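What follows is a single structure, written as structure tokens, with notes after it.
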Amino acid sequence: MPGDRTVVARGGDATQTHEVGRFEQLPKWLNLVPMVLQWLWLGIRYRSVTLPSAANPHITAGGLVGEGKLEYFRQMGPLARAATAEHIGVRVEESTHASDVVAAMHAAGLRFPIVVKPDLGWCGYGVRKIVDDDALAHYLSLYPRGQMLVLQRYLAEEGEAGLFYMRHRDELTGRLVGVLLRHYPHVIGNGRDTVATLIAADQRLKRATGSRLHECLYDPAFVPSAGEKVRLSTIASTRVGGMYEDATAAATPALTARIDAIARDMPDFHVGRFDVRYSTLEALRAGELTIMEVNGAGSEAVHAWDPKYSIAEVYRIVFAKQRALFRIADANRRAGHRPIGMRALARLHLEQQDLMGRY
């Protein structure tokens, strides 16, 4: 299968490479060290290293770790639900058959193609575009038993954004502290080279597809015609070669008001990221979007991963987010919402990590 293909304006630079930022080039363990150190310092200052788990009191661990996507959906009021792509949740057991899942889809108004993803997931692991019964049956055969699965309407809009939201409990309205645009990993053909050759010529794609965790969903031997765009992944994570762009300047009053209204239609939701699809940047700025999923206090300030930022600038953005997170959670604690214990938080983390390896 050559993957998702579209034709873009011919005559463009098919050999253009996508830059890898300096922060992304650091080993993962190394770039986490300063973040962990500030987290520990804030934990000492606020007398609790797990305090951010009180940021969203009605979500497991505040959304730091261990919460399911369906938790957010279940707590949405009518306004927020109307802005969210249609979906169902299914617990996958030995007795689960694809025909039963398809029947549940149809009863909910869902038709192929759909997107399936683990309810308890992270960083796009286990997310797939499913186009027919056979593909669904294959996915279900590999899915961990006893775990919830989310089936959601496939959103064909080209644009994807992460909208990072914060609201102190004493504030009347919240704010967007970051707008992230995700760009899907892709190559643009020149009529001569294979997809594999085009990937090898791109710094970002070569780096990502070389990982043992990367799943090949395209035909490396396929030769796209001149100007033909071949998308390489269902998701746009940097883990699979996607690129992040900081578009916080797009946080117009209309977009901010739209997300604030949605967030306030969820009980005591104060910190998180709304992952959305949109048709054009102008539409996004006007607040025209569809929610794919919501993440809580554990959401990273990933707009800082824009390659234009220096390492120092990345940490400045991330540190500011951590300080605001602790302030919000502290106010919630003073209102009577207790943070989760360290042992319980560690258990949730280990359970989630175990599942990541099984998706």
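The values are calculated or read from the model by the stated rules, or taken from the named source; none is laboratory data. Keep in mind that this is a model prediction, so the values were computed, not measured. In this analysis, Cβ positions are derived from the backbone assuming ideal geometry, glycine residues included, and neighbour counts consider all displayed protein chains. The area values use the complete protein model at the heavy-atom level, side chains included, leaving out ligands, DNA and RNA. Shrake-Rupley method; radii C 1.70, N 1.55, O 1.52, S 1.80 Å.
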- Please give the FRET efficiency for R239 paired with Q203, using the beta carbon to beta carbon distance and R0 = 22 Å, rounded to the nearest 0.05. 0.90
- How large is ³J(HN,Hα) for each residue in region 93-107, as worked out from phi by the Karplus curve 6.51 cos²θ - 1.76 cosθ + 1.60 (θ = phi - 60°), to whole Hz, x for Gly and Pro? 10, 4, 7, 6, 10, 4, 4, 5, 5, 4, 5, 5, 4, 4, 5
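Mind ranking 22-35, 263-276 by how tightly packed they are, going by the mean number of other C-beta atoms within 10 angstrom, highest first?
Per-residue mean Cβ counts within 10 Å order the peptides as 263-276, 22-35.
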- Message: Output the 0 to 90 degree angle, nearest 10, between the alpha-carbon long axis of helix 342-356 and the longest principal axis computed from the alpha carbons of the chain.
- Response: 10 degrees
- Considering only P339, P57, P144, give the residue with the highest GNM mean-square fluctuation for the chain, with springs between Cα atoms whenever their separation is below 10 Å. P144
- Task: Sequence neighbours fewer than 8 away in the same chain don't count; with that in mind, list the lysines whose C-alpha is under 25 Å from K321.
- Result: K28, K69, K308
- Over region 41-95, what is the mean sequence separation of C-alpha contacts under 8 Å (at least six apart), divided by residue count, expressed as relative contact order in percent? 16 percent
- Query: To the nearest 10 degrees, how steeply does helix 28-45 sit against the main Cα axis of the chain, on a 0 to 90 scale?
  - Reply: 10 degrees
- Report which label in (1) 67, 52, 49; (2) 72, 49, 35; (3) 63, 51, 39 holds the value of Cα extents along the principal axes in Å derived from the coordinates of this structure. (3)
- Message: What do you get for the angle between helix 311-334 and the principal long axis of the chain? Use alpha-carbon atoms, 0 to 90 degrees, nearest ten.
- Response: 40 degrees
- Task: Would you mind calculating the gained length between R316 and L32 on full extension (0.36 nm times residue separation, minus the Cα-Cα distance), in nm to one decimal?
- Result: 100.9 nm
- Item | aspartates and glutamates with Cα under 12 Å of K206, excluding same-chain neighbours fewer than 8 positions away | E19
- Query: Name the GluC sites (Glu not before Pro) in region 169-247 that are in a loop by DSSP and that have at most 15 other C-beta atoms within 10 Å, would you?
  - Reply: E171, E215
- Message: Are there any trypsin sites (Lys or Arg not before Pro) in region 288-326 that are in a DSSP loop and have at most 16 other Cβ atoms within 10 Å? List them by number.
- Response: K308
- 222 nm mean residue ellipticity, helices alone, for the chain (DSSP H n ≥ 4; -39,500 (n - 2.57); rounded to 500): -10000 deg cm²/dmol
- Query: Counting alpha carbon pairs within less than 8 Å and at least 6 residues apart, what relative contact order, in whole percent, applies to region 203-296?
  - Reply: 22 percent
- Collect residues whose amide H, placed 1.01 Å from N in the peptide plane, falls under 5 Å from the amide H of G159; neighbours closer than 5 in sequence don't count. Y278
- How much accessible area per residue does region 236-359 have, in Å², with a 1.4 Å probe? 42 Å²
- Task: State, to one decimal in nm, how far the label point of L142 lies from the label point of R343, with both points 7 Å from Cα in the Cβ direction.
- Result: 3.8 nm
- Query: For the chain, what's the relative contact order in percent, using C-alpha pairs closer than 8 Å and at least 6 residues apart?
  - Reply: 29 percent
- Task: Using a 1.4 angstrom probe on heavy atoms only, work out the carbon and sulfur share of the accessible area of the chain in %.
- Result: 54 percent
- Note on the structure: Taking a crude spin-label model, label points 7 Å out from Cα along the C-beta direction, the K129 to R47 distance in nm is 5.2 nm
